[in-house]
Ligand SMILES: Cc1ncc(COP(=O)(O)O)c(C=O)c1O
């Protein structure tokens, strides 16, 4: 089992006070904090090795290139890829998913083809495919969810056809927390001849990931959601698919040679990393992955499952005043608890929790279609990571009890902020 108290010592920000209260950071689905080791690796790179990569024979450029390439190897190991060449560094998950939709989609989709998404998808997995499908005359279909917040596998079987070229889905929902059955989806998709694109934004930071076992064709994820700096992420892809894809962002470092009328693309993964990349970020990304590997991803998962089990149990004390969305079986959900307090606007709950020092996310979490499907205008979302503790959840539940007790007073606040509350930034 991991020790969150020991881990917390590596995260100086967790000593902060917010409104005079110790910070309880429950917004890890949006992004996580960074341990000293990651910040230190970036500092060391800038202080002692910084230069542009793949562009100079001088010592610093060679050192920077080597460190950046080694960073790819570390991320490849983290997800058990066959080779680091299958790992393209990106800005984030969104960037990675756009690369697949445009580089694979525009080349392979044809008029009348179908792309199967899910209603629980984040906009970052939905919108690139919708654009690519529109450009190629393909059709988008959506797999529904069940009443309990699971993916509806029967609906998937019913909607997939011989025209389906792509099945794209989140390995774990950023709202419902549902952990989808990857192997089952892969089997159904591959039998129909479709490729499988997995959005791993919420799974790779929280669950052990083994692309060889998953059987998917592409996996996208973000570094900043797993202790790495912002502006980092990765696309893993099957090598044969990456090799035949046409890079859609092109320019410096994507080529081996260019004449006025021809181009020879660079080897993998460089042909997909156009321009000067986030070199320092990539090095920080690798350091974050090493940090997680030292803890062990099985332990990360076990810790979060315990936190979720405990939260679900303690929510029962709120006696019908609060509703959690998504599966109630901790073994099938990640450390994400989206909920509402009866008759209280989600933003009011979020704002009030901030006064207690508790950082949660409120709104539709870049999953508007899912919220509309659930008949909701928004939710409050608490999400956990390796540094969160049972004591923090106790304090969270206590705070919610006080909020419920003071509901009438808070309703007035709701009226005051009426206009503002309607504004959902959607992310
Ligand atoms: C399931 C899912 N997919 C994609 C994304 C997009 O990630 P990023 O903003 O890092 O591109 C997120 C972010 O919250 C997410 O939760």
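What follows draws every value from the coordinates through simple rules; no lab data is involved. Being a predicted model, the structure only gives us computed values, none of them experimental. Backbone-built Cβ (ideal geometry, glycine too); neighbour counts: all protein chains shown.
Descriptive notes on the structure:
- The value of relative contact order for the range 38-293, using C-alpha pairs under 8 Å at least six residues apart, is 25 percent.
- Placing a label point 7 Å from the Cα of residue 106 along the Cα-to-Cβ direction, the residues of the range 212-246 with a backbone N closer than 19 Å are 235, 241-246.
- Compared with the dominant principal axis of the Cα atoms in the chain, helix 123-136 is inclined by about 40°.
- The equivalent ellipsoid of the range 53-139 has semi-axes of 34, 15, 11 Å, largest first, where each one is the square root of 5 times an eigenvalue of the Cα gyration tensor.
- Equivalent ellipsoid semi-axes - Cα gyration tensor, the chain, angstrom: 37, 28, 19
- Eigenvalues of the alpha-carbon gyration tensor of the range 133-282, scaled by 5 and square-rooted, set the equivalent ellipsoid semi-axes at 31, 21, 13 angstrom, largest first.
- Over all pairs of different C-alpha atoms in the range 1-110, the reciprocal of the mean inverse distance, the Kirkwood hydrodynamic radius, equals 17.7 Å.
- Beta bridges by DSSP in the range 184-342, antiparallel share as percent, to the nearest 5: 80 percent
- Mean Cβ neighbour count within 10 Å, used as a protection proxy, ranking 323-334, 136-147, 91-102 highest first: 91-102, 323-334, 136-147
- Three-way shape call for the range 200-357 based on the alpha-carbon gyration tensor, with the a/c threshold at 1.5: prolate
- Largest first, the extents of the alpha carbon coordinates of the range 296-346 on the three principal axes equal 41, 19, 14 Å.
- Every Cα-Cα pair of the range 257-343 was included, and the share exceeding 22 Å stands at 58 percent.
- Folded to 0 to 90 degrees: helix 182-191 orientation relative to the chain principal axis, Cα: 50 degrees
- Normalised per residue, the volume of the convex hull around the Cα set of the range 193-279 (Å³): 113 Å³
- Two numbers describe the Cα atoms of the range 115-214: Rg and Dmax, which are 12.8, 37 Å.
- Sum of -39500 (n - 2.57) over DSSP H runs of 4+, divided by residues of the chain (222 nm, nearest 500): -12000 deg cm²/dmol
- Rounded tilt (10° steps) of 36-48 against the dominant C-alpha axis of the chain: 40 degrees
- Listed peptides 335-343, 219-227 by packing density, highest first (mean Cβ within 10 Å): 219-227, 335-343
- Across the range 337-402, Cα-Cα distances exceeding 19 Å account for 32% of all pairs.
- Cα-Cα pairs of the range 38-293 separated by more than 23 Å (percent): 51 percent
- Contact order for the chain, expressed relative to its length and based on alpha carbon pairs under 8 Å spaced 6+ residues apart, stands at 22 percent.
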